[in-house]
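Reading through the structure tokens given below for one structure.
The values are calculated or read from the model by the stated rules, or taken from the named source; none is laboratory data. Quantities reported herein were computed from a predicted structural model and do not represent experimental measurements. No Cβ is skipped: glycine too gets one built from the backbone with ideal geometry, and neighbour counts run over all protein chains shown.
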Amino acid sequence: MHLPLKKNKNIAILVILILFQLILISLQVPLGNEPSIFEKTIFGIFSPIGHTINFLIESVSNVCKNYISLHSAQKENVELRKKLFFLSQENSLLKMLLDKSDEERKIRELLGNEYENLIPARVIGRDASNGYRSVVINRGALDGIKKDFVVLDKNGFLVGRIVEPITFREARIQLITDEKSGVAVEIMGKEVKGIISGDGKGTCQMKFVLSTDMEVNQGDKVVTNGVEGIYPPGLELGYISEVNVSSSLFRDIRVITFSDIKGLDHLAVMKIMAKEFF
Amino acid sequence: MSVFRDIVEVVLGIILAFIIYSLLIKISFKITLLFNVFLITVIYFALKKGEVYGAFIGMICGLIHDSFSIEVFGVAGISMTLMGYFSGYFAKKINIYPPLRMFVFIFFVSGVNLSIWAAMYSFVFSENIYTGGGTIFFQPLATAVFGLMVIHTLIELKVLKKY
């Protein structure tokens with residue numbers, strides 16, 4: 001008599017747990033892409049563990065590196081890398097500014113703040129179901145990170161944007177290779193505009209380019225045009241790898257990102273919003 | 001006191017799984033498609049504490065998996081809850097402790113978990129799962145080999161007792 005009761009009780013618990021998760025799923029419908037409080041809490045609890053692991057790996061690796069290489073050379077190398085990192089970002093932003101603004105005074109004003117507008121960050125985690133969709137970085141609300149801040153790689157190429165959840169010390173980035181991402185772009189030097197979104201496999205597709213638009217070729221550079229109000233115009237994103245002509249209204253254009261999405265490590269978060277920048 | 005000890009053990013187990021998962025991701029994110037560390041944790045606790053614990057820990061591990069992906073929160077949670085429950089249930093009904101049986105058992109659980117997750121993912125998103133160039137199809141095999149090694153080591157160390 002006891003055993004069936006216990007068995008039923010266990011099945012009841014299983015059903016409750018499944019129902020609870022079904023409710024969690026259905027609660028996300030009105031939230032859209034915003035994570036629920038429950039998801040934010042779990043992310044907030046476990047992301048510091050990833051942060052700590054990253055810190056430990058980095059520390060151990062630094063100790064080993066210092067041990068096997070000459071101290072002065074190592075120090076110089078670190079300095080140079082740091083310099084190169086900022087110079088790459090600065091170079092990219094300078095080009096962008098010069099392209100888009102012809103007022104010298106405005107340029108000088110903006111240039112003065114360049115260093116302050118960048119937050120260096122490191123990747124500490126990747127999307128559990130598809131690493132081409134999102135990554136987690138070791139910078140959060142306490143570092144001044146906010147939703148929709150734009151993220152560049154160490155060479156100044158576009159990587160993605162900050163999305164929720166953002167904890168005190170960690171934040172998630174939606175990568176441009178995510179199928180759900182959308183970046184307004186144009187082909188450099190041509191009046192061809194479209195939307196870039198990922199294919200979830202490491203490359204991107206340029207959508208909504210009319211078959212009647214100006215001809216596009218392999219190797220053409222793709223840059224942001226800022227129409228969606230998130231990404232500042234002029235950021236280099238990738239190049240066209242394939243153009244398929246079909247009978248449909250739009251062309252099928254494949255784009256390879258300049259940034260090595262698979263091997264992302266050092267990143268730079270632009271502290272300012274696109275609207276403030278231009 | 002016993003309940004407190006159980007909770008501490010479960011928390012430490014989940015944290016350890018998360019640490020291994022984070023280390024694997026540091027090597028390459030495709031490796032995490034191959035070894036389902038969270039599922040091994042769920043099976044381990046299901047064998048040790050029974051189906052109800054298995055279901056609870058399955059839910060927690062699945063939700064951790066979901067919180068670290070930009071997708072619907074709860075999809076992996078449901079598949080791991082079911083697998084946690086059924087692992088604990090079948091472990092009581094049949095002797096799965098001989099190595100070959102254990103291997104087949106983990107292989108089966110991992111395969112079913114992957115199938116449920118892929119089906120739910122396709123249903124919710126209307127798109128196929130990311131296979132990592134076919135890597136994910138080796139998940140049951142790799143998880144079974146890794147899981148067998150981990151669980152047998154724990155049996156040898158007398159951390160896990162056979163029923």
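Here are a few things to note about the model shown:
- Residues in region A:207-230 that are in contact with a Lys or Arg (Cβ under 7 Å, 6 or more places away or on another chain) and within 21 Å of A:D178 (Cβ to Cβ): A:V209, A:N225, A:G229, A:I230.
- If the condition is being within 21 Å of B:L148 (Cα to Cα), more than 14 Å from the chain's Cα centre (by Cα) and more than 9 Å from chain A (Cβ to nearest Cβ), then region B:1-20 contributes B:E9, B:L12.
- Contact map, region B:21-32: residues that are more than 7 Å from chain A (Cβ to nearest Cβ) paired with residues that are not in a helix (DSSP H, G or I), Cβ distance under 6 Å, separation 6+ or inter-chain. Pairs shown: B:K30/B:G132.
- Only a single item in (1) modelled with pLDDT under 90; (2) in a strand (DSSP E or B); (3) of a type outside the set (V, I, T) is not met by A:P232, and it is number (2).
- Boolean, B:G58 is surrounded by 24 or more Cβ atoms within 10 Å (Cβ to Cβ) and under 23 Å from A:P35 (Cβ atoms): yes
- Pairs, first on the phi > 0 side of the Ramachandran plot in region B:36-57, second part of a helix (DSSP H, G or I), C-beta under 8 Å, six or more apart: B:G50/B:G88; B:G50/B:K92
- Of all residues in region B:39-69, those satisfying the criterion of being more than 9 Å from every other protein chain (Cβ to nearest Cβ) and under 9 Å from the mean Cα position of the chain (by Cα) are B:L39, B:I40, B:T41, B:V42, B:I43, B:Y44, B:C61.
- Contact annotation: residue pairs with Cβ atoms under 7 Å, 6 or more positions apart or on different chains, pairing a residue in region A:85-97 that is closer than 15 Å to A:V151 by Cα with a partner that is assigned to a helix (DSSP H, G or I), are A:F86/A:Y115.
- In summary, B:I116 fulfils each of the numbered conditions (1) part of a helix (DSSP H, G or I); (2) surrounded by 20 or more Cβ atoms within 10 Å (Cβ to Cβ) with the single exception of condition (2).
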